[in-house]
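The values are calculated or read from the model by the stated rules, or taken from the named source; none is laboratory data. Computed from a predicted structure; not experimentally measured. Every residue, glycine among them, receives a Cβ derived from its backbone with ideal geometry; neighbour counts consider all protein chains shown.
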Amino acid sequence: MKKISTHILKAMKDNNDKFAVVTTYDYAFSKIVSNANIEVSLVGDSLGNVFQGRSTTIPVTIEEMAYHMNAVSRGNENSLLVCDMPFMSYSTVKDTLQNAAILMQAGAQMIKVEGGEWLAESVYKLSQCGIPVCGHVGLTPQSVNKLGGNKVQGKDKSDAEKMVKDALILQDAGADLLVVECVPSRLGADLTSALSIPVIGIGAGPDTDGQVLVSYDMLGLSDRLPKFAKNFLNETNSVQEAITLFGNEVRNGLFPGPDNCFK
């Protein structure tokens with residue numbers, strides 16, 4: 001597999017080719033993900049849950065994200081490296097630029113931020129500075145206290161329309177990718193068709209351009225398997241085979257299945 005870039009992912013969307021995304025937090029997993037030909041490796045602040053044992057991602061710091069990003073970058077060869085900006089590290093444009101620089105210098109090739117229209121100026125500034133951006137709408141885990149828990153988003157027509165509007169604003173501001181989490185499958189499809197940039201789903205139905213899972217979820221290592229996830233290790237004999245199977249099922253349209261989606 002050639003080194004993945006944002007341009008390659010855009011070409012895949014234009015060609016209706018799906019791609020896979022896996023969270024990675026260390027050197028060893030990074031090598032496995034890269035060797036499995038997974039297109040995107042995401043250093044997620046979900047490390048707060050699965051790596052640190054916290055109930056939310058909120059306590060994760062920029063220093064911790066940079067530490068894990070640095071380790072992951074050493075194990076990667078071909079995947080595009082995306083890194084989450086943690087809670088309150090991008091509340092102002094100034095903070096966004098400073099903290100994004102820290103993550104890029106740690107090895108990130110793109111940063112990810114959670115939110116909608118209010119991020120437009122920051123996304124524009126990042127893009128102007130040569131920093132690729134992945135947006136994140138739907139269920140945004142850093143806002144769990146405001147949302148009242150990890151609930152499916154965009155069920156109401158007005159909420160769905162606002163989400164599409166926010167996504168288009170982020171795209172117009174310069175975002176290169178978009179993650180949409182825990183929304184009805186129809187909304188995931190609507191977002192994917194409305195945007196020209198690739199859309200990555202997690203619990204957003206089968207019609208998004210890419211699919212992302214937390215590595216600990218797909219290997220059955222989490223305390224609870226989310227509805228949108230699947231334990232691929234049950235069908236294989238090694239971690240390498242499990243992650244490779246995930247990638248193949250995503251590209252062939254076999255995952256997610258009906259049981260992994262929200263109506």
Exercise for the section: Starting from the stretch 241-256, take each residue that is at positive phi and list its partners that are at pLDDT 95 or above, counting only C-beta distances under 8 angstrom and pairs at least six apart or across chains. Expected result: Gly253/Lys18; Gly253/Pro206
Handout entry: Ala11 vs. criteria without any contact (Cβ under 8 Å) to a residue 40 or more places away in the chain, assigned to a helix (DSSP H, G or I) and farther than 27 Å from Thr96 by Cα
Key = yes
Fill in the blank from the handout: Those residues of the stretch 165-204 that are within 14 Å of the chain's Cα centre (by Cα), part of a loop (DSSP other than H, G, I, E, B) and farther than 23 Å from Asn15 by Cβ come to a total of 2
Practice task
Among the numbered conditions (1) under 25 Å from Arg74 (Cβ atoms); (2) buried (at least 20 other Cβ atoms within 10 Å of the Cβ); (3) in contact (Cβ under 8 Å) with a residue 40 or more places away in the chain, tell me where Met104 comes up short.
Solution key: (3)
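One line per residue, one yes/no per condition, for (1) in a loop (DSSP other than H, G, I, E, B); (2) of a type in the set (A, V, I, L, M); (3) closer than 23 Å to Ala20 by Cβ:
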residue: Gln98; (1), (2), (3): no, no, no
residue: Gly107; (1), (2), (3): yes, no, yes
residue: Ile111; (1), (2), (3): no, yes, yes
residue: Trp118; (1), (2), (3): no, no, no
Handout entry: Those residues of the stretch 14-35 which are crowded, with 21+ Cβ neighbours inside 10 Å and either free of Cβ contacts under 8 Å to residues at least 24 places away in the same chain or part of a strand (DSSP E or B) (or both), in sequence order
Key = Phe19, Ala20, Val21, Val22, Thr23
Exercise for the section: Could you grab me the full set of residues in the stretch 140-164 that are aliphatic (A, V, I, L, M) and either in a loop (DSSP other than H, G, I, E, B) or over 19 Å from Ile58 (Cα atoms) (or both)? Expected result: Val152, Ala160, Met163, Val164
Problem - Extreme residue, farthest from Leu213 (Cα to Cα), among residues of the stretch 50-65 that are surrounded by fewer than 20 Cβ atoms within 10 Å (Cβ to Cβ) and not β-branched (Val, Ile, Thr) - result: Glu63
Fill in the blank from the handout: The number of residues in the stretch 77-93 that are surrounded by 20 or more Cβ atoms within 10 Å (Cβ to Cβ) and either touching a helix residue (DSSP H, G or I) at 6+ places or on another chain (Cβ under 9 Å) or not in a strand (DSSP E or B) (or both) is 10
Completion exercise
When Lys230 is run through (1) within 25 Å of Gly149 (Cβ to Cβ); (2) touching a residue at least 40 places away in the same chain (Cβ under 8 Å), the failure sits at (2)
